[in-house]
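Presented below is the structure to which this report refers.
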Amino acid sequence: MSRTLLKADSITKSFAGVHALNNVSFDLRESEVHALVGENGAGKSTLVKIMTGAAQADAGTLAISDRIVTHYDPGMARSLGIAAIYQQPSLFPHLSVAENIALALEGRSVWRKIDWRDRSRQAAHLIERIGVAIDPERLVATLTMPEQQIVEIAKAIGANAKILIMDEPTATLSEREIDRFFNLIGVLRDQGMGTVYISHRLEEISVIADRVTVLKDGKTVALRNVAEVNREELIRLMAGREVNTVFPKRPVRLGKTALEVRGLSNHANGIREISLSVRCGEILGLAGLVGSGRTQFAETVFGLSPADSGEILVHGRPVRITSPAKAIESGIGYVPEDRRRHGVILQMSIAANISLANLKAVSRWALLDGQKERELAQGYVNELRIKAPSIYGTAGSLSGGNQQKVALARWLAIGPSVLILDEPTQGIDVGSKSEIHDLMADLAERGLAIIMISSELLEILSMSDRIAVMHDGSISGILSRQEATQENLLALALGRDRCN
Ligand SMILES: Nc1ncnc2c1ncn2[C@@H]1O[C@H](COP(=O)(O)OP(=O)(O)OP(=O)(O)O)[C@@H](O)[C@H]1O
Ligand SMILES: [Mg+2]
């Protein structure tokens, strides 16, 4: 029997009266991957915070290598060999990749002269070990989210971690990167590393994990060997109900063209000569590998980084989109992938976040109508199953997945005619995911034109009427529903189109 690396016993934690964790026990052994699953708001990240010293439990004990720790904090967690990789990477944006990793290498020898050249070499070596080509000299600020995630892992390995805690590490990775990433976890496991693994992608659990703990409403509802539990059972345990997990694509009569872009280029962010259109009622999937320019395209259309040539037409009329305000005025909405950057305002209430972009609907004679704001917010909280004790609580107090839903609610509240959704179900639990898919289908039925960026093949293939595939900043092909197979899509994503 392998050694126990970490044991959390009867942990309880409340936030302002909300029981985030209620008597939860959890343990991690050497050379194992222990998955932690549960719906949005179930308490996963809170348990992680307690294991990493970022939050203190109200009751219960935590033991690392059989020793109960007291006065526990993040510094102590690190020195005991615990490394955490969060939903959002936490790197220094203005330092290079090598510097970020080097900072984690033997951090204690402050008085010794640091050989930065040598550290830089070590950092490069670590990155290579992970099997990803990232130039160690690049500034972290210029990296994509998945690249930053990879730097985080290199950092953890460099710091000689024995326990790796990963909170939705693959949310922003493409399928190919996930394969590599899993190989890496396998290698680390063989070297004795214990890994706590949180993911909403249940198919990953059976591939990577040895045991799985299911949390629901802050309580442990099951602890199983992965070999002895199937996907359906996991979902039932998480949701406490039956969930329909096949994405239903409802046939919708398509209307006129809602948005058309012609030869759109944006040199600043690598977008080249993009032409595509989407009709009322249509869901246009935008596929491609991470880094292919899908988000950059969305940011160009939405005016966050305006185009330098080409045309944008909304309902056949040319519009000049030089800012997000202009985009909104033209009827274009955008739910970004990275909810922290332009998604929700963490300090503001849920209600204010939802009504933010749609002040017209909730105000009368320039006065904010509290009643209307409340109705609007409560409606979306119910429809999207946002788990929140009150709509007046701050968005920052919500779990990651619930923040994502608030970002979506805000745009639905505006009622745009074109909606660009960037990874709309990333970080969303399986139950809510099917609700968001249903909602998208509803919106399409009501005549909305939707562009959906997604890295999940199954989601793209099942939800889209057509799929535009991007490679290296331009469109490598547009597939109809009939043409859209996994193979065709991947070939285009990899840039192997007919022309080369
Ligand atoms: N700082 C906080 N203040 C108030 N409530 C909080 C705070 N942090 C977490 N909570 C609440 O605790 C509960 C558990 O949240 P947690 O972030 O642990 O969920 P999660 O399982 O990680 O969900 P997700 O899958 O959405 O990331 C939620 O109801 C959340 O609103
Ligand atoms: Mg979480």
Counted residues, segment 130-159 - those being at pLDDT 80 or above and open to solvent by 50 Å² or more (accessible area, probe 1.4 Å): 6
Qualifying residue in segment 375-386 (condition: crowded, with 24+ Cβ neighbours inside 10 Å, within 14 Å of ligand 1 (Cβ to nearest atom) and charged (D, E, K, R)): no
Unmet criterion (only one of (1) over 23 Å from the mean Cα position of the chain (by Cα); (2) open to solvent by 40 Å² or more (accessible area, probe 1.4 Å)) for Gly370: (2)
Strands (runs of 3 or more DSSP E) within segment 384-496 that include 1 or more residues over 20 Å from the mean Cα position of the chain (by Cα) and of a type outside the set (Gly, Ala, Ser): 418-422, 466-471, 474-480
Residue tally, condition assigned to a helix (DSSP H, G or I) and of a type in the set (S, T, N, Q), over segment 16-51: 2
Single unsatisfied condition, Glu99 versus (1) open to solvent by 50 Å² or more (accessible area, probe 1.4 Å); (2) within 16 Å of ligand 1 (Cβ to nearest atom); (3) among the charged types (D, E, K, R): (2)
When residues of segment 26-56 are limited to those that are near ligand 2 (Cβ under 10 Å from one of its atoms) and of a type in the set (Ser, Thr, Tyr), the one nearest to Asp190 (Cα to Cα): Ser45
Residue, modelled with the highest pLDDT, within segment 52-80, restricted to residues that are over 25 Å from the mean Cα position of the chain (by Cα), buried (at least 19 other Cβ atoms within 10 Å of the Cβ) and in a loop (DSSP other than H, G, I, E, B): Ala57
Options Leu259, Leu276, Leu237: the member that is buried (at least 17 other Cβ atoms within 10 Å of the Cβ), assigned to a helix (DSSP H, G or I) and out of contact with any helix residue (DSSP H, G or I) (no Cβ under 7 Å at 6 or more places or on another chain): Leu237
Number of the condition not met by Ile11 [criteria: (1) under 20 Å from Ile85 (Cα atoms); (2) more than 9 Å from ligand 1 (Cβ to nearest atom); (3) crowded, with 22+ Cβ neighbours inside 10 Å]: (1)
Some residue of segment 60-76 being in the same structural domain as Ser206 (by TED's automatic domain parsing), out of contact with any Phe, Trp or Tyr (no Cβ under 9 Å at 6 or more places or on another chain) and within 13 Å of ligand 1 (Cβ to nearest atom): no
Those residues of segment 156-196 which are acidic (Asp, Glu) and in contact (Cβ under 8 Å) with a residue 24 or more places away in the chain, in sequence order: Asp167, Glu168, Glu175, Glu177, Asp190
Some residue of segment 178-186 being acidic (Asp, Glu) and either within 15 Å of Thr52 (Cβ to Cβ) or buried (at least 24 other Cβ atoms within 10 Å of the Cβ) (or both): no
Counted residues, segment 442-471 - those being under 23 Å from Glu232 (Cβ atoms) and open to solvent by 10 Å² or more (accessible area, probe 1.4 Å): 5
Count of residues meeting criterion [near ligand 1 (Cβ under 8 Å from one of its atoms) and touching a Ser or Thr at 6+ places or on another chain (Cβ under 8 Å)] in segment 26-41: 3
Filter result for Ala444 (closer than 25 Å to Gly401 by Cβ and assigned by TED's automatic domain parsing to the domain that holds Glu337): yes
Among (1) within 16 Å of ligand 1 (Cβ to nearest atom); (2) crowded, with 16+ Cβ neighbours inside 10 Å, the one test that Asn23 misses: (2)
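The values are calculated or read from the model by the stated rules, or taken from the named source; none is laboratory data. Every value quoted in this text rests on a predicted model; they were computed, and no experiment measured them. Quick reminder, even Gly has a Cβ in these numbers, built from the backbone with ideal geometry, and neighbours come from all protein chains shown. Accessible surface is based on the protein model in full, side chains and every heavy atom, while ligands, DNA and RNA are left aside. Shrake-Rupley method; radii C 1.70, N 1.55, O 1.52, S 1.80 Å.
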